[in-house]
Amino acid sequence: MRKLLIAGLLPGVLAGCTVGPDYRTPVGAVPPAFREASSATTTQPVNRWWERYGDPALVTLVDRAIAANGDVAIAEARIAQARARADEARGGRLPQLNGQGSTTVRRLSENGEQLANIPTGLVEPDLDYTVYRAGFDASWELDLFGRNRRQVEAAEARVGSAAEGRNDTLLRVAGDVARAYADYRAAQRRIVVANETLAAARQTADLTGRLARAGEEAQSEVQRVESLAEESAAALPPLVADAKAALYRLDVLLGAQPGGAEALIAASPTAVLRAPDVPAGLPSDLLRRRPDIRRAERELAAATADTGVAVADLYPRFSLTSTLGLEALSIGDLFDSASRYGSLVPGFSLPIFEGGRRRAVVRRQQALIDENLASYNQTVVRALSDVETALLRYRQDRERAERLGTARTRLTRTLELARLRYRAGEASLTEVLDVQRQVSALDDRLAQAEAVVIIDAVSLDKALGGGWQVASATPSDQRAAARVR
């Protein structure tokens with residue numbers, strides 16, 4: 001027992017030499033500010049960005065998607081797998097203890113070698129006997145060069161990677177829900193505009209028909225006005241299809257049967273979806289806000305730890321194997337002190353010649369570090385480009401929508417004046433109809449432009465990585481990341 005105790009203390013005395021590269025968090029090169037950000041958009045972005053769009057239905061839809069989306073469930077399952085692998089790696093660092101017991105009934109052969117050295121007639125051997133055994137087998141690999149520690153580091157880094165993959169999925173799902181909902185609201189508004197245009201066109205066609213019958217308008221004008229009414233009616237079916245298609249996209253994102261999203265929207269309070277001011281923050285914030293950047297960083301940490309495992313495979317591996325148990329030919333003698341037996345077997349394995357295979361593995365892992373570092377840097381560059389592009393489009397499209405709104409206000413005044421002149425006999429009905437058609441077309445363009453602004457705001461929130469911070473990880477994920485760092 002004293003020998004076993006001394007052997008158990010050896011790893012603590014000899015451990016501490018961990019070979020291979022130590023991981024250091026890369027420092028991404030980022031500019032001090034975004035080129036396309038205005039002074040009003042440099043404050044810190046907020047979490048749960050979808051709440052700032054002023055529509056309770058959108059909040060309900062996003063929250064339901066986060067809870068029930070199939071892709072999110074897949075990402076959660078991958079986290080569970082990564083955590084199980086990390087627990088498996090941690091278990092490999094501990095001694096492995098197995099209990100065993102057996103009862104063996106044997107009969108010796110009278111003509112076999114077991115009785116060959118016993119003189120005939122000297123002793124009458126007992127050919128039938130039973131052996132009772134109970135005990136423990138223990139084994140422990142002494143992690144002298146940190147192979148097992150590096151395996152744990154790699155497994156914990158992959159837990160962080162899986163968690164960031166989940167966060168990236170959540171961000172994508174929230175953005176897709178917001179975009180589909182914006183498309184639905186835009187289609188709804190365009191349907192209202194198209195119905196108003198159709199009602200005005202039919203009213204004008206009816207008036208023109210009465211004037212033609214009274215001889216005050218030509219029949220050709222009647223045909224033209226009726227043609228415009230049919231053209232207005234033809235614009236409705238595609239818009240209805242767009243609205244329903246957006247609802248079906250929402251159903252998929254919510255993991256619901258067709259009609260589920262429509263029911264949720266109908267049960268929510270009526271509100272106007274609006275594009276908020278989106279604070280861009282600082283470029284350095286992206287390194288901790290964007291899940292794809294954090295995931296790339298965790299993959300780099302895992303590759304670095306895997307390289308340490310490959311380097312440790314170049315060194316000897318030491319192990320201790322021990323057996324402690326009881327053995328007796330009688331069940332009554334099994335627990336007697338004289339029935340004890342045991343063994344302690346120190347061992348090692350040393351790679352001598354494998355044709356350069358292990359060193360090739362080290363080179364491959366070092367190249368994998370280079371790949372993951374390049375991937376990390378490329379992810380940072382792509383994130384910066386995403387934000388700059390989103391800021392540019394958001395600002396330009398918002399300015400376009402504001403100008404269309406101003407143009408619509410002025411054109412509405414022109415329509416009022418044209419109607420007054422028509423009633424005074426100073427303008428023809430054709431002039432009034434032309435202005436009315438321009439107002440309707442501008443209303444439709446304005447509805448589309450404002451929907452684009454909302455979609456641009458969603459794209460900007462996604463590019464900024466809003467919604468999930470490092471603090472959203474579980475405490476075990478944070479501890480795992482801290483150990484690797």
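The values are calculated or read from the model by the stated rules, or taken from the named source; none is laboratory data. Predicted model only: the values in this text are computed from it and were never measured. Cβ atoms come from the backbone with ideal geometry, glycine included; neighbour counts cover every protein chain shown. Protein only, heavy atoms only, side chains kept; ligands, DNA and RNA dropped before computing areas. Shrake-Rupley method; radii C 1.70, N 1.55, O 1.52, S 1.80 Å.
Taking the stretch 260-287 as the range and being under 17 Å from Gly175 (Cβ atoms) and of a type in the set (Val, Ile, Thr) as the test, only Val278 passes.
Evaluated against (1) buried (at least 16 other Cβ atoms within 10 Å of the Cβ); (2) in contact with a strand residue (DSSP E or B) (Cβ under 7 Å, 6 or more places away or on another chain), Phe348 falls short on exactly one condition, (1).
Considering the conditions (1) assigned to a helix (DSSP H, G or I); (2) in contact with a helix residue (DSSP H, G or I) (Cβ under 9 Å, 6 or more places away or on another chain), Leu314 is excluded by exactly one of them, (1).
Within the stretch 69-99, the set of residues being small (Gly, Ala, Ser) and touching a helix residue (DSSP H, G or I) at 6+ places or on another chain (Cβ under 6 Å) comprises Ala75, Ala82, Ala86, Ala89, Gly92. Taken over the stretch 34-54, residues that are in contact with a Leu (Cβ under 6 Å, 6 or more places away or on another chain) and at pLDDT below 70 amount to 1. Every listed requirement among (1) acidic (Asp, Glu); (2) loosely packed, with under 14 Cβ neighbours inside 10 Å; (3) touching a residue at least 12 places away in the same chain (Cβ under 8 Å) is met by Asp443 save one, (2).
Just so you know, in the stretch 142-163 the residues that are open to solvent by 40 Å² or more (accessible area, probe 1.4 Å) and closer than 13 Å to Ala89 by Cβ include one that is modelled with the lowest pLDDT, and it is Arg147. Only one entry in Ala174, Ala84 is modelled with pLDDT of 85 or more and under 30 Å from Glu450 (Cβ atoms), namely Ala174.
Of the candidates Val311, Val272, Val278, the single residue that is over 25 Å from the mean Cα position of the chain (by Cα) and open to solvent by less than 30 Å² (accessible area, probe 1.4 Å) is Val311.
Just one of the listed residues (Thr379, Thr389, Thr307, Thr321) is closer than 30 Å to Thr130 by Cβ and not charged (D, E, K, R), and it is Thr321. I'd like to verify a number: residues in the stretch 383-431 that are part of a helix (DSSP H, G or I) and either touching a residue at least 60 places away in the same chain (Cβ under 8 Å) or touching a Phe, Trp or Tyr at 6+ places or on another chain (Cβ under 9 Å) (or both), how many? So the count comes out to 16. Look at the stretch 48-59: where a residue is assigned to a helix (DSSP H, G or I) and a partner is open to solvent by less than 50 Å² (accessible area, probe 1.4 Å) and of a type in the set (Val, Ile, Thr), sitting 6+ places away or on another chain with Cβ atoms under 7 Å, you get Trp50/Val59; Trp50/Val62; Glu51/Val59; Ala57/Ile265. Thr270 meets the conditions (1) assigned to a loop (DSSP other than H, G, I, E, B); (2) under 27 Å from Ala68 (Cβ atoms); (3) in contact (Cβ under 8 Å) with a residue 12 or more places away in the chain; (4) not basic (Lys, Arg) in every case but one. The failed one is (3). Scanning the stretch 325-358 for residues that are out of contact with any Leu (no Cβ under 7 Å at 6 or more places or on another chain) and either touching a residue at least 40 places away in the same chain (Cβ under 8 Å) or within 30 Å of Ile293 (Cα to Cα) (or both) yields Gly325, Glu327, Leu329, Ser330, Ile331, Tyr341. Scanning the stretch 344-358 finds one or more residues that are in a helix (DSSP H, G or I) and within 21 Å of Ala302 (Cβ to Cβ).
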